[in-house]
Every structure is written in C-alpha cells, then in structure tokens.
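Comments concern the structure below.
Each reported figure results from applying straightforward, stated rules to the coordinates on display, with no laboratory input. Keep in mind the model is a prediction, meaning the values are calculated, not measured. Because the Cβ atoms are built from the backbone with ideal geometry, glycine has one as well, and the counts that use them run over all protein chains shown.
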Amino acid sequence: MKVRIGKRPKGDLVDLIERISGEDPSLCYQCGNCTAGCPAAFAMDLPPHQVVRLLQIGQEDMLLSSRAMWVCVSCLQCYSRCPKGVDISKIMEALRQVTLRRGKDGIEVKGLPVDLLSQSPQQALVAGFRKLVS
Ligand code: SF4
Ligand code: SF4
C-alpha cells in the first residue's frame with residue numbers, strides 16, 4: 001500500500017501529475033535504479049530519477065521545459081527496477097498530457113524534413129504525432 005507524505009495544494013503541477021498518473025512521487029528515495037536501466041536516459045536532458053526529484057520539490061518550470069518526457073519510450077524498464085513501485089512511464093505520460101493541454105507540442109510538424117516524412121512508415125508518423133502533437 002502506498003503511504004502519502006503530506007498533501008499537495010490542489011491544482012499545482014505535482015497534484016495534477018499525481019491525479020493523472022495515479023503515481024506518488026514522494027515514494028521515491030532517489031536510488032537511481034530507474035535511470036541505470038533506462039534505454040533512453042542517454043538522450044534525456046533530465047534522467048528519470050531527476051524528473052521524480054523535481055516533482056518532489058515542485059520545480060514546475062524545469063520539468064515542463066525538459067525534453068525528457070518526449071524522449072521516454074514507455075518501455076516500463078524503470079518501473080520493473082524500482083524498489084518503491086514508482087511507474088515513471090505514467091509520470092512521463094502525465095507530463096506530456098499537461099504540456100499538450102497547455103498548447104505546447106513536443107515537435108513542430110512544419111519543421112520536419114520532407115525526406116523523413118516521405119520515407120517513414122505511415123503508422124510510425126501517426127503514432128509519433130499522437131504522442132508529440134496536441
Ligand atoms: S528506481 Fe524508484 S525509488 Fe529509485 S530513483 Fe527511480 S523512482 Fe526513485
Ligand atoms: S519508461 Fe521511459 S523513463 Fe522508464 S525506462 Fe522506459 S524510457 Fe526510461
């Protein structure tokens with residue numbers, strides 16, 4: 001059973017992320033197992049354990065301006081390694097949802113090279129746009 005440490009003010013980013021994801025960032029004790037196993041951490045500006053840490057201390061601007069949420073591939077490796085049962089893939093998805101709802105996309109479609117668009121499988125493009133564009 002998850003034990004919550006204190007209540008967040010309703011409507012702040014952490015409260016929103018907790019409600020959308022169903023996860024409790026306060027459970028994390030920063031062991032770093034998630035980042036050690038994450039196949040996409042090398043490409044993230046904030047590794048997964050730091051995303052959780054910034055949530056714990058309410059650093060909204062740093063979180064929402066980070067690329068980590070867009071780079072996460074939802075592979076669940078972090079969840080499988082976490083001794084506290086924190087599912088960071090759900091936290092990343094919640095961060096994407098909040099960002100997209102605020103009108104900020106993960107990519108600018110107009111800026112994509114024509115070669116990429118013409119050579120990529122249609123299904124990959126649709127899946128990518130569903131993740132990255134509001
Ligand atoms: S593995 Fe779990 S407890 Fe460890 S840093 Fe990552 S989220 Fe926190
Ligand atoms: S779900 Fe995302 S954060 Fe977790 S290991 Fe996979 S790519 Fe990394």
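Quick notes on this one:
- Within the chain, helix-based [θ] at 222 nm, where runs of 4 or more DSSP H residues each add -39,500 (n - 2.57), nearest 500: -13500 deg cm²/dmol
- At a Cβ-Cβ separation cutoff of 4.7 angstrom, cysteine residues of the chain with no neighbouring cysteine are Cys28, Cys31, Cys38, Cys72, Cys75, Cys82.
- Förster radius 30 Å - calculated FRET efficiency between Asp61 and Leu116, Cβ distance, rounded to 0.05: 0.45
- Taking a point 7 Å out from the Cα of Arg101 in the direction of its Cβ, the residues of region 66-85 whose backbone N falls within less than 19 Å of it are 66, 69-70.
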